[in-house]
Amino acid sequence: MTSNHTDGSGRAPSNRWQALVQRFPLITFFTLANGISWLVWVPYILSLDGFGVLHFRYPDLLVGNQLTAILPGAYLGPLTAAFTVTAITEGREGLRRWRRRLFQFRAGVAWYAFALLAVPIAVLLGTVAAFGEEAVRVPSIMVLAVYVPMLVLQFFTTGLAEEPGWRDFALSRLQQRHQPMVATFVLGVLWIIWHLPLFLTPWAGPDVTPVTVVRFAIMAMEMSFLITLVYNKGRQSLPLVMLLHCSINNFQSVAFSEFFPGTDDTLLWGPVLGLGTLSVIVIVATKGKLGYTAPVTGPVEVKTRAVA
């Protein structure tokens, strides 16, 4: 007996490695996404910006050196992994479908409003609820002037680097196998793990503690549930998901310290409270379905057929 591995398009593997990828597309994706990103980030971790083993420093560009030190690994990890696995399992037609989804802007206007406003409002309300109205200040008009350009920058950097891989490739396949809550939790854990090496760099701030990592992990998991909702309800629109992702990043990096100028790190638990509350509301309102009502249109998982 022989086993022929094919994907949904009927493509047969030409060698053992292709057969392995077709049989385990998700494992391959997560392995490549983490391995490639971490490998690219190693020089940054060992540079003068990190442990100081390598005697060079990454150059600054616009917002510190994140664009020169972190973005290459972010792009080369999830994006390359999704491209590679899609090419092997679905071929050129699969890559064309994947590219079309990158330009799927059609989604309800309400979901674009949610992506732009829900997270900042949740963060503001959560922080005010936790620390009182006296903690908040009215920011200057310059914040708005910087906020929009930085949102656009985040969209084409963080959003484009991560979401075609994590949500479009991985989430759609996980939801084919598991309930949305389980799929989101699994992806959230793996997404958090992918970020962990960055806590050895200035990306996480000057005074990283275990509490810093735990707080980030909680927020990332909360965001995972919100992103799943928007992905499912917004017709799997990648631009919409990218907008939601960069909305939290942009608000935290550009506006949060202007609204809450206190230097105490405990203020950062406000966003955790706000996003957590919003996530619970979403889960309860959708009865745990997170907007998932039908199988996601996309690649079919690998089948194994025994031939006598």
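The values are calculated or read from the model by the stated rules, or taken from the named source; none is laboratory data. Nothing here was measured: the structure is a model prediction, and the numbers come from that model. Positions of Cβ are backbone-derived with ideal geometry, glycine not excepted, and every protein chain shown enters the neighbour counts.
Checking the structure you have, find out if any residue of region 125-134 is crowded, with 20+ Cβ neighbours inside 10 Å, touching a Lys or Arg at 6+ places or on another chain (Cβ under 8 Å), in a helix (DSSP H, G or I) and at negative phi. Checked against the condition, which is being crowded, with 20+ Cβ neighbours inside 10 Å, touching a Lys or Arg at 6+ places or on another chain (Cβ under 8 Å), in a helix (DSSP H, G or I) and at negative phi, region 125-134 yields no hits at all. Note on region 49-59: among residues that are of a type outside the set (Gly, Ala, Ser) and surrounded by fewer than 16 Cβ atoms within 10 Å (Cβ to Cβ), the one that is nearest to HIS195 (Cα to Cα) is PHE51. Checking each residue in region 135-190 for being among the aromatic types (Phe, Trp, Tyr) and surrounded by fewer than 22 Cβ atoms within 10 Å (Cβ to Cβ) picks out TYR147, PHE155, PHE156, PHE185.
Give region 224-250 a look and list any residue that's touching a residue at least 60 places away in the same chain (Cβ under 8 Å) and under 15 Å from GLY288 (Cα atoms), or say none. Give the derivation first.
Taking region 224-250 first, the residues touching a residue at least 60 places away in the same chain (Cβ under 8 Å) are 225-250.
Hits for region 224-250 are PHE225, LEU226, ILE227, THR228, LEU229, VAL230, TYR231, ASN232, LYS233.
I'd like to check something: does region 254-271 contain any residue that is surrounded by 17 or more Cβ atoms within 10 Å (Cβ to Cβ), hydrophobic (A, V, I, L, M, F, W, C) and within 16 Å of the chain's Cα centre (by Cα)? Within region 254-271, not a single residue is surrounded by 17 or more Cβ atoms within 10 Å (Cβ to Cβ), hydrophobic (A, V, I, L, M, F, W, C) and within 16 Å of the chain's Cα centre (by Cα).
Within region 12-48, the set of residues being touching a His at 6+ places or on another chain (Cβ under 7 Å), in a loop (DSSP other than H, G, I, E, B) and either crowded, with 16+ Cβ neighbours inside 10 Å or of a type outside the set (A, V, I, L, M, F, W, C) (or both) comprises just one member, PRO13.
With respect to the conditions (1) modelled with pLDDT under 90; (2) acidic (Asp, Glu); (3) under 19 Å from MET223 (Cβ atoms), ASP168 falls short on a single one, namely (1).
Scanning region 191-230 for residues that are of a type in the set (S, T, N, Q) and either touching a Pro at 6+ places or on another chain (Cβ under 9 Å) or surrounded by fewer than 15 Cβ atoms within 10 Å (Cβ to Cβ) (or both) yields THR209, THR228.
Looking at region 289-304, can you tell me whether even one residue there is assigned to a helix (DSSP H, G or I) and either at pLDDT below 90 or buried (at least 16 other Cβ atoms within 10 Å of the Cβ) (or both)?
Going through region 289-304, the residues assigned to a helix (DSSP H, G or I) turn out to be none.
No, every residue in region 289-304 fails to be assigned to a helix (DSSP H, G or I) and either at pLDDT below 90 or buried (at least 16 other Cβ atoms within 10 Å of the Cβ) (or both).
Residue pairs whose Cβ atoms lie under 8 Å apart, separated by 6 or more positions or on different chains, with the first residue in region 101-127 and free of Cβ contacts under 8 Å to residues at least 24 places away in the same chain and of a type outside the set (A, V, I, L, M) and the second part of a loop (DSSP other than H, G, I, E, B) and surrounded by fewer than 15 Cβ atoms within 10 Å (Cβ to Cβ), do not occur.
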